[in-house]
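The values are calculated or read from the model by the stated rules, or taken from the named source; none is laboratory data. Every value quoted in this text rests on a predicted model; they were computed, and no experiment measured them. Reconstructed Cβ throughout: ideal geometry from the backbone, glycine too, with neighbour counts over all protein chains shown. Each accessible area value is taken on the protein alone, full model and side chains, heavy atoms only, with ligands, DNA and RNA left out. Shrake-Rupley method; radii C 1.70, N 1.55, O 1.52, S 1.80 Å.
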Amino acid sequence: MSEFFQQIINGLSLGSIYALIALGYTMVYGILKLINFAHGEVFMMGAYSGYYLASWLGVERYQAAGRGFPLGLALVVLVLAMAASALLGVLIEALAYRPVRSAPRLTPLITAIGVSLFLQNAAMLLFTPNPRAYPPILRELRFAAGGVIVTNIKLAIFVVALALMVGLHLFVQRTWTGRAMRALSMNIDAARLMGIDVNATIRATFAIGSALAAAGGILFGLDQITINPLMGVLTGLKAFVAAVLGGIGNIPGAVVGGLLIGLAEQLTAGYLSPDYRDAITFLILVVILVLKPEGLLGVVRQEKV
Amino acid sequence: MTLLALEHVDKVFGGLRALRGVSFEVAPKSIFGLIGPNGAGKTTLFNVVTGVYRPDGGHVRFDGAEIGGLPPARVAGLGVARTFQNIRVFRSMTVLENVMVAGHKLHRSGVLSAIVRNTAHANDEGALSVRARELLEILGLQGQAGDIAGSLPYGSQRRLEIARALMLAPKVLLLDEPAAGMNSTEARELERQIRFLRDELGVTVVLVEHNMSLVMSVCERIHVVDHGETIAEGTPAEIREHPRVLAAYLGEEPSAGRTEREA
Amino acid sequence: MDIATQKPRWLLRLVLSAGVLAALYAANLGVQAGFIEYVQRIILIAGINVILAVGLNLINGTTGQFSIGHAGFMAVGAYAAAFTGVKLAPHVTALLGAGTLADGVTFNLALLVGALLAAGAGVLVGLPSLRLKGDYLAIVTLGFGEIIRILFNNAQFLGAATGYFGDSPAGLPTYTSFFWVFFWVIVIVVVVRNVTFSQTGRSLIAIREDEIAAEAMAIPTTRLKVLAFTLSAATAGIAGGLFAHMQSGIRPEDFKFDKSIDMIVMIIVGGLGSISGAALGGVFVAVTLELMRDLQQYRLVLYALLLIVIMLVRPEGLLGTREISLAALRRRFRQPERP
């Protein structure tokens with residue numbers, strides 16, 4: 001039984017990382033109907049910017065001195081990495097997606113694949129393809145209760161992810177920009193006629209989604225110990241599946257989907273075989289798309305004839 | 001005698017009741033008008049009949065059989081063809097190909113015949129292209145057979161949609177605002193063509209149209225809907241005088257040559 | 001049009017086919033004598049790429065669906081053909097005696113088995129396309145490609161992650177030659193062309209242009225989309241079989257997402273929807289990959305930039321949906337005479 005609870009805890013913490021990334025996919029898809037293939041790479045870049053920021057702020061010195069990295073500095077790393085990724089997201093949107101926004105839908109999709117490949121390979125040139133140990137910006141502490149081990153890192157992942165998701169919810173529901181985003185996701189043309197600055201709102205969407213992905217990247221690095229330039233491919237894909245599972249375009253759906261995918265993956269790895277932990281995600285994807293393509297919380301939209 | 005019958009058809013979108021108990025009957029070889037103000041539910045009716053939408057209540061009968069809820073390709077195969085209000089020609093294909101593509105009934109040989117290019121394939125292609133050219137001639141498009149469909153002017157694209165629909169050899173043809181975007185000369189020509197379809201090809205026509213002079217002169221019976229409900233049915237003369245019809249159109253006088261699209 | 005309605009002249013076709021085979025045979029000897037092995041290899045890869053591109057174009061170009069997991073079909077074909085070839089060879093040799101004939105028979109039977117299994121996978125992946133459009137479908141194909149790779153990675157009887165090298169220490173037999181590659185290039189190009197320029201092909205294009213209108217014209221969109229997937233997967237299966245018998249073994253990594261991207265680049269460069277464009281794209285990728293061999297780590301950066309730039313500047317590709325054909329060339333040269 002404790003084995004089971006252990007898997008659940010691990011699954012929920014992995015799932016909340018997927019949820020953070022899935023939010024970016026779902027927000028962009030909700031507005032532009034574009035699968036932002038490069039989102040997984042933004043997540044990877046977020047992890048790397050966290051890596052370099054931590055090293056710039058002297059994480060090695062603290063480590064050598066046997067002291068933990070101060071929590072305040074860890075938060076600085078998080079915030080700056082999120083800001084850097086927000087900038088990257090905005091740049092990608094402006095350079096690659098905006099010019100093809102009104103083209104047939106396959107054009108932006110192929111462009112997105114191109115951006116994703118470009119970032120992956122640029123990262124391999126910049127950072128080398130070798131995996132790197134993630135700096136311990138949080139020193140691991142273990143708590144054991146009834147045979148279940150909980151680390152402070154897993155707890156931090158929950159707390160940070162939860163705080164960001166609540167923040168996003170409040171932002172989307174309460175602020176002017178958030179309302180503009182929701183308006184755009186319903187009807188871009190009508191929103192434009194109502195005086196909403198469409199470009200600025202899309203820019204904000206990319207910035208927020210990318211910042212959340214960067215947070216996911218840092219948490220992922222802490223959780224999985226190493227990072228590499230291709231980490232965004234599979235993780236990004238799984239997060240996308242999470243968004244589809246929850247109902248793409250639906251913000252609570254992305255959270256639910258992320259947690260479910262994380263759980264499914266851990267339970268498969270724990271009880272079936274670690275070899276199939278990646279395959280289960282794709283199986284879920286195929287099943288959900290065939291049985292309920294609008295996702296768990298999504299609504300069916302009919303094309304106008 | 002009835003070819004197409006709607007019985008108490010309902011359609012709901014979220015909280016909006018787009019159709020409420022609409023019933024009418026279309027006699028074979030008649031020209032039947034379906035009018036109403038913008039947003040009255042005319043296109044929704046077409047979508048329910050052709051299987052794009054599943055009715056939430058009531059029946060759609062064609063030739064005595066229930067077709068409500070059948071997939072669009074089945075309905076079309078049974079002999080209910082349509083055109084679209086927002087033109088949907090296959091833009092990158094030639095005019096001739098647009099028409100040929102709807103002619104599977106004439107094309108019995110399959111993909112294997114096409115791969116080996118046998119005689120059956122050649123015969124089918126020949127028959128298709130002959131029939132397609134005949135239909136293009138009826139609609140006055142024979143000169144544009146080789147043109148790319150997307151490059152045609154709007155009026156021609158609308159006529160191309162009619163030719164394409166006729167390739168299905170339909171019993172009923174649903175025309176959704178065929179005169180929209182046409183000038184008055186083209187609209188008069190269209191009127192002649194619609195009559196020709198019925199008189200010479202024996203096709204029953206159901207016409208949604210805002211061009212009132214066209215509707216009044218070509219239709220034998222007219223059904224009027226407003227806010228998803230039937231408000232009147234009768235001959236053009238009766239409809240012209242009907243108080244509820246006049247009220248529905250108040251402030252939006254029925255006039256010739258209107259080209260606005262339904263919202 | 002005029003070509004399609006022509007009555008077939010079987011005798012002419014027979015003579016023509018014999019001529020093509022003879023020419024292929026002669027070219028095969030010429031290539032083997034005239035080029036060093038390195039160049040021969042590039043030529044073979046170019047041919048295999050042409051098959052991949054022309055086949056994929058049927059889904060992505062003609063039908064307007066989107067597969068980005070095509071390496072999965074290629075993998076199925078490669079493994080199935082390699083395995084069949086290894087198991088079949090002793091029986092065929094026992095029947096026909098060792099030699100070119102037995103090799104040819106074994107090889108082509110193996111290729112057909114590969115094509116068949118890949119086609120089966122195509123049906124499987126095509127089925128979701130009944131309910132899914134565009135980018136959703138793209139993700140399903142991607143997921144499929146990954147699942148296939150994971151399965152081969154774990155299939156012990158196919159060598160799992162180390163790869164499949166057959167039963168002999170020398171590895172898989174290298175049946176693949178110029179003759180067989182281009183024999184299959186010709187067969188597949190002719191088949192795809194004949195399908196594209198037929199009622200079936202028109203219906204596929206109609207689905208791409210406007211699926212709702214296509215349904216309203218009684219076009220069986222479901223059946224046709226699955227057909228496009230099946231046919232396309234079968235061609236990828238043949239390409240996989242040819243690829244497998246070029247070297248001593250195949251590994252799951254040979255069929256990674258990168259391979260699917262290579263195929264996307266082929267059809268995007270040449271022009272989605274054009275058979276000749278796809279073929280050109282296939283050759284282009286084979287040649288540039290070789291030229292960039294020394295720049296291995298820059299290769300994908302350049303590819304990615306190429307994809308983005310093509311999308312921004314000329315999304316229809318080199319040829320768009322146009323075809324290079326004798327008739328089109330004749331038209332082009334005749335045009336100036338017109339008033």
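Remarks
- Distant-in-sequence amide H partners of B:Ala232 (H built 1.01 Å from N, under 5 Å): B:Val224
- Full-extension gain in nm, B:Lys105 to B:Ala5, via 0.36 nm per residue minus C-alpha separation: 33.5 nm
- Accessible heavy-atom area order of A:Ile17, C:Ile43, highest first, probe of 1.4 Å: C:Ile43, A:Ile17
- Averaged over the residues of peptide B:104-112, the number of Cβ atoms from other protein chains lying within 10 Å of each residue's Cβ is 4.
- Summing Cβ point charges (Lys, Arg +1; Asp, Glu -1) relative to the Cα centre of the range C:10-257 gives a dipole of roughly 260 debye.
- Too-long pairs where the Cα-Cα distance tops 22 Å, listed order kept, from A:Lys292/C:Lys133; B:Lys11/B:Lys105; A:Lys33/A:Lys154: B:Lys11/B:Lys105; A:Lys33/A:Lys154
- Estimated distance in nm for a label pair at C:Ile324 and A:Arg174, the labels positioned 7 Å out from Cα along Cα-to-Cβ: 6.3 nm
- Site pair A:Asp275 and C:Val123 shows an inter-label distance of 2.7 nm when each label is modelled 7 Å from Cα along Cα→Cβ.
- Ligands, DNA and RNA excluded, the heavy atoms of A:Tyr52 present near 90 Å² of accessible surface to a 1.4 Å solvent probe.
- As a calculated quantity, the FRET efficiency between A:Lys33 and A:Leu193 at R0 = 25 Å, using C-beta atoms, amounts to about 0.85.
- Between the range C:81-113 and the range C:170-231, the alpha-carbon centres lie 27 Å apart.
- Based on every Cα atom in chain C, Rg and the maximum pairwise Cα distance Dmax equal 20.3, 70 Å.
- Considering only B:Val75, A:Asn187, A:Gly89, and ranking their Cα positions along the charge dipole of the protein assembly as shown that arises from unit charges at the beta-carbon of Lys, Arg, Asp and Glu, the one farthest toward the positive end is A:Gly89.
- Put simply, the range B:91-151 fits an ellipsoid with semi-axes of 23, 13, 9 Å; these come from the alpha carbon gyration tensor as the roots of five times its eigenvalues, largest first.
- When nucleic acids and ligands are ignored and a 1.4 Å probe is applied, C:Glu316 ends up with an accessible area of around 90 Å².
- Pairwise FRET efficiency - C:Asp258 versus C:Ala98, Cβ, R0 = 56 Å, nearest 0.05: 0.90
- For the range B:68-140 and the range A:1-53, distance of Cα centres in Å: 48 Å
- Hull-based mean projected area of the range B:139-226, where the convex hull spans the alpha carbons, in square nanometres: 6.2 nm²
- Degrees separating the helix A:176-186 axis from the principal Cα axis of chain A, which is the longest one: 60 degrees
- Rel. contact order, % - alpha carbon contacts under 8 angstrom, at least six apart, the range B:60-195: 37 percent
- B:Thr235 accessible area, 1.4 Å probe, all protein chains in place, Å² to nearest 10: 50 Å²
- Residue by residue, the range A:106-112 carries 3J(HN,Hα) couplings of 6, 4, x, 5, 5, 4, 5 Hz when phi is fed to the Karplus relation 6.51 cos²θ - 1.76 cosθ + 1.60 (θ = phi - 60°); x denotes Gly or Pro.
- Annotation: the antiparallel percentage among DSSP beta bridges lying fully within the protein assembly as shown is about 65.
- Nearest 10 degrees, 0 to 90: helix B:184-201 Cα axis against chain B principal axis: 70 degrees
- For the protein assembly as shown, a simple Cβ point-charge model (Lys and Arg +1, Asp and Glu -1, everything else neutral) yields a dipole of about 680 debye relative to the Cα centre.
- Axial C-alpha extent at least 27 Å, average Kyte-Doolittle at least -0.5 - helices from chain C (DSSP): C:10-34, C:37-57, C:70-96, C:100-126, C:134-154, C:221-244
- Between 0 and 90°, nearest 10: helix B:154-166 axis offset from chain B longest Cα axis: 70 degrees
- Over the protein assembly as shown, the hull volume per residue, using the convex hull of the C-alpha atoms, is 208 Å³.
- Our coupling estimate for the range A:117-132, obtained by passing each phi through the Karplus curve with A = 6.51, B = -1.76, C = 1.60 and θ = phi - 60°, is 4, 4, 5, 4, 7, 4, 5, 5, 6, 6, 9, 6, x, 6, x, 10 Hz, Gly and Pro reported as x.
- With all pairs of separate Cα atoms included, chain B yields a Kirkwood hydrodynamic radius of 19.0 Å.
- Rh by Kirkwood over Cα pairs, then Stokes-Einstein D for chain A at 1.306 mPa s and 10 °C, µm²/s: 81 µm²/s
- Of the residues B:Val22, A:Val256, the one with the largest accessible area comes first in the ranking A:Val256, B:Val22, computed with a 1.4 Å probe on protein heavy atoms.
- Computed about its Cα centre, the charge dipole of the range B:91-151 is approximately 180 debye, with only Lys, Arg, Asp and Glu carrying charge at their Cβ.
- Protein-only accessible surface at a 1.4 angstrom probe places the residues A:Arg179, C:Arg208 in the order A:Arg179, C:Arg208, largest first.
- For chain C, adding -39500 (n - 2.57) for each run of n ≥ 4 DSSP H residues and dividing by the number of residues yields -24000 deg cm²/dmol at 222 nm.
- Approximating the spin labels as points 7 Å out from Cα along Cα→Cβ, the A:Phe5-to-A:Leu155 distance works out to 1.5 nm.
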